[in-house]
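What follows is a structure written as structure tokens; I'll ask about it next.
The values are calculated or read from the model by the stated rules, or taken from the named source; none is laboratory data. All figures in this text were calculated on a predicted structure; none of them were measured in a lab. Cβ: placed from backbone, ideal geometry, glycine included. Neighbour counts: every protein chain shown.
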Amino acid sequence: MALTRLTLRDFRNHAATRLDGLAAFNVLTGENGAGKTNVLEAISLLAPGRGLRRAQPAEMAAAQGPGGFVVAAELDHGSLALTTSTVPPAPNRRTVRINGAEGPATRLGEWLAITWLTPAMDRLFAEGAGARRRFLDRLVLAGEPGHARLAARYDTALRERNRLLADPATPDPAWLDALEAHLAQAGAGIVAARRALVQRLAAALAAEPDGPFARPVLTYDSDSPDSADALAARLRDQRRRDRAAGRTLTGPHRDDLAVMLAAKATPAAACSTGEQKAMLIAMVLAHSALDNGQRPRVLLLDEIAAHLDPLRREALYARLAATGAQVWMTGTEPATFADLPIPASYWHVAEGHAEPRS
């Protein structure tokens with residue numbers, strides 16, 4: 001079991017919501033705009049990063065509230081408490097507490113492996129590479145909690161190098177050497193973790209049939225060197241080019257996740273929207289079955305079953321039950337979830353308030 005209690009205070013349109021009696025499957029139903037996705041977003045903040053909407057913390061505080069919010073969760077009936085919150089004087093500074101002790105948000109990955117699939121992600125294959133990198137890093141993080149700290153160190157060093165490159169004054173070569181060494185060390189770790197995850201996920205998908213969900217073929221598209229020394233050398237050699245561009249043109253921040261529909265040998269970007277959604281579902285299902293270091297898994301699936309036919313819904317629910325993850329699903333119609341294979345907890349959400357539904 002992952003979450004056994006969830007509390008939201010002044011979060012989006014939820015003034016005071018508490019969900020008890022959580023199960024392996026948790027279903028939130030209600031009209032559009034009722035606040036179902038807001039619950040999933042709150043849970044997503046219990047992982048490192050900016051959550052499933054990538055919103056600023058100030059945007060998440062209730063419009064009619066005091067200007068801050070609280071999201072609190074208990075795991076294993078109170079043996080572990082996770083809290084993330086903001087306060088009105090600093091609405092964009094989100095703090096994290098683990099059993100009452102404040103710590104960095106990157107530590108959240110040590111306790112839960114959270115992944116999600118939302119309707120906005122249906123555009124993943126049509127968007128730029130940045131969206132696919134974020135998706136891939138979320139999958140990596142679910143298995144490697146240290147990936148968040150590595151990514152944070154890389155982003156900090158990358159910003160500093162770009163700042164120096166854009167400065168009209170010539171940067172001190174010794175300072176650049178030291179900075180690039182840090183950048184390369186973190187970057188090589190990111191590349192290695194991404195590549196390993198793609199290889200594992202590709203192998204798992206290769207063992208799956210072509211139906212009922214379209215089977216994707218995955219490749220990590222990268223020209224980044226695998227070793228820290230090689231990456232540092234390339235950064236040093238390309239300083240003149242990067243200085244002319246005003247930014248760093250080599251590294252894992254430029255890599256991509258290439259996806260192809262196996263049955264047609266067609267790039268995902270050229271597939272139909274239905275095929276793209278089916279490939280995303282197949283990837284998330286295969287990933288949820290991978291070993292993640294014994295941390296509880298949480299899957300947040302927003303409106304995932306709404307457009308599936310009964311056969312694919314049945315297959316989806318069976319696969320989800322087999323993962324052992326705690327699953328959260330939203331939808332407008334309770335009948336969509338009538339055939340869940342294991343007992344579930346149901347809530348009706350209306351105007352930012354959740355009531356248990358039998």
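Look through segment 23-33, keep the residues that are buried (at least 21 other Cβ atoms within 10 Å of the Cβ) and aliphatic (A, V, I, L, M), and return whichever of them is nearest to R297 (Cα to Cα).
If we take residues in segment 23-33 being buried (at least 21 other Cβ atoms within 10 Å of the Cβ) and aliphatic (A, V, I, L, M), then V27 is nearest to R297 (Cα to Cα).
Take residues that are within 22 Å of K36 (Cβ to Cβ) and among the aliphatic types (A, V, I, L, M) and tell me which of the strands (runs of 3 or more DSSP E) falling wholly in segment 64-128 contain 1 or more.
Because the criterion is at least 1 residues that are within 22 Å of K36 (Cβ to Cβ) and among the aliphatic types (A, V, I, L, M), the strands (runs of 3 or more DSSP E) in segment 64-128 that meet it are 70-75, 80-87, 113-117.
When only residues in segment 204-219 that are closer than 15 Å to A265 by Cβ and of a type outside the set (K, R) count, which is surrounded by the most Cβ atoms within 10 Å (Cβ to Cβ)?
Taking the candidates together, the pick is P216.
So, in segment 184-203, how many residues would count as being over 23 Å from the mean Cα position of the chain (by Cα) and either closer than 23 Å to A278 by Cβ or crowded, with 20+ Cβ neighbours inside 10 Å (or both)?
The qualifying residues number 1.
Going by the conditions given, is A15 surrounded by fewer than 19 Cβ atoms within 10 Å (Cβ to Cβ), of a type in the set (A, V, I, L, M, F, W, C), modelled with pLDDT of 95 or more and touching a Pro at 6+ places or on another chain (Cβ under 9 Å)?
no
I'd like to know if segment 35-55 contains one or more residues that are out of contact with any Cys (no Cβ under 7 Å at 6 or more places or on another chain), assigned to a strand (DSSP E or B) and either over 29 Å from T336 (Cβ atoms) or of a type in the set (A, V, I, L, M) (or both).
Looking through segment 35-55, none of the residues is out of contact with any Cys (no Cβ under 7 Å at 6 or more places or on another chain), assigned to a strand (DSSP E or B) and either over 29 Å from T336 (Cβ atoms) or of a type in the set (A, V, I, L, M) (or both).
Further question on the same structure: May I ask you to list the residues in segment 315-335 that are polar (S, T, N, Q) and surrounded by 20 or more Cβ atoms within 10 Å (Cβ to Cβ)?
Once the filter is applied, which keeps residues that are polar (S, T, N, Q) and surrounded by 20 or more Cβ atoms within 10 Å (Cβ to Cβ), segment 315-335 yields Q326, T330.
When you scan segment 266-288, do you find a residue that is under 17 Å from the mean Cα position of the chain (by Cα) and either of a type in the set (F, W, Y) or surrounded by fewer than 19 Cβ atoms within 10 Å (Cβ to Cβ) (or both), even just one?
No, segment 266-288 contains no residue that is under 17 Å from the mean Cα position of the chain (by Cα) and either of a type in the set (F, W, Y) or surrounded by fewer than 19 Cβ atoms within 10 Å (Cβ to Cβ) (or both).
Considering only residues of segment 264-278 that are at pLDDT 95 or above and aliphatic (A, V, I, L, M), which is farthest from F125 (Cα to Cα)?
Result: A265.
Being of a type in the set (K, R) and within 25 Å of Q294 (Cα to Cα) narrows it down to one residue among R357, R312, R319; which is it?
After applying the criteria, what remains is R319.
Do we have any residue at all in segment 302-314 that's of a type outside the set (K, R), surrounded by 15 or more Cβ atoms within 10 Å (Cβ to Cβ) and closer than 22 Å to A15 by Cβ?
Checking segment 302-314: at least one residue is of a type outside the set (K, R), surrounded by 15 or more Cβ atoms within 10 Å (Cβ to Cβ) and closer than 22 Å to A15 by Cβ.
Every residue in segment 5-46 that is small (G, A, S) and over 21 Å from the mean Cα position of the chain (by Cα), please.
A15, A16, G21, A23, G30, G33, A34, listed by residue number.
If you check D242 against the conditions, is it closer than 25 Å to A129 by Cβ and under 23 Å from the mean Cα position of the chain (by Cα)?
no
Mind checking which residues of segment 64-113 are buried (at least 19 other Cβ atoms within 10 Å of the Cβ) and charged (D, E, K, R)?
The one that is buried (at least 19 other Cβ atoms within 10 Å of the Cβ) and charged (D, E, K, R): R94.
Restricting attention to segment 41-58, report how many residues are on the phi < 0 side of the Ramachandran plot and surrounded by fewer than 21 Cβ atoms within 10 Å (Cβ to Cβ).
6
Restricting attention to segment 235-248, does a residue exist that is buried (at least 21 other Cβ atoms within 10 Å of the Cβ) and closer than 28 Å to R53 by Cβ?
yes
How do the pairs read when you match residues in segment 123-150 that are within 15 Å of H287 (Cβ to Cβ) with residues anywhere that are part of a helix (DSSP H, G or I) and of a type in the set (F, W, Y), using Cβ under 9 Å and keeping only pairs 6 or more apart or on different chains?
L124/F135
Can I ask one more? Of all residues in segment 256-291, which are of a type outside the set (V, I, T) and within 20 Å of G143 (Cα to Cα)?
Answer for segment 256-291, where residues must be of a type outside the set (V, I, T) and within 20 Å of G143 (Cα to Cα): D256, L257, L280, A282, M283, L285, A286, H287, S288, A289, L290, D291.
In the set R93, R149, R133, which member is farther than 18 Å from L45 by Cβ and basic (K, R)?
Among R93, R149, R133, only R133 is farther than 18 Å from L45 by Cβ and basic (K, R).
Would you check if A207 is in contact with a strand residue (DSSP E or B) (Cβ under 9 Å, 6 or more places away or on another chain), aliphatic (A, V, I, L, M) and free of Cβ contacts under 8 Å to residues at least 60 places away in the same chain?
no
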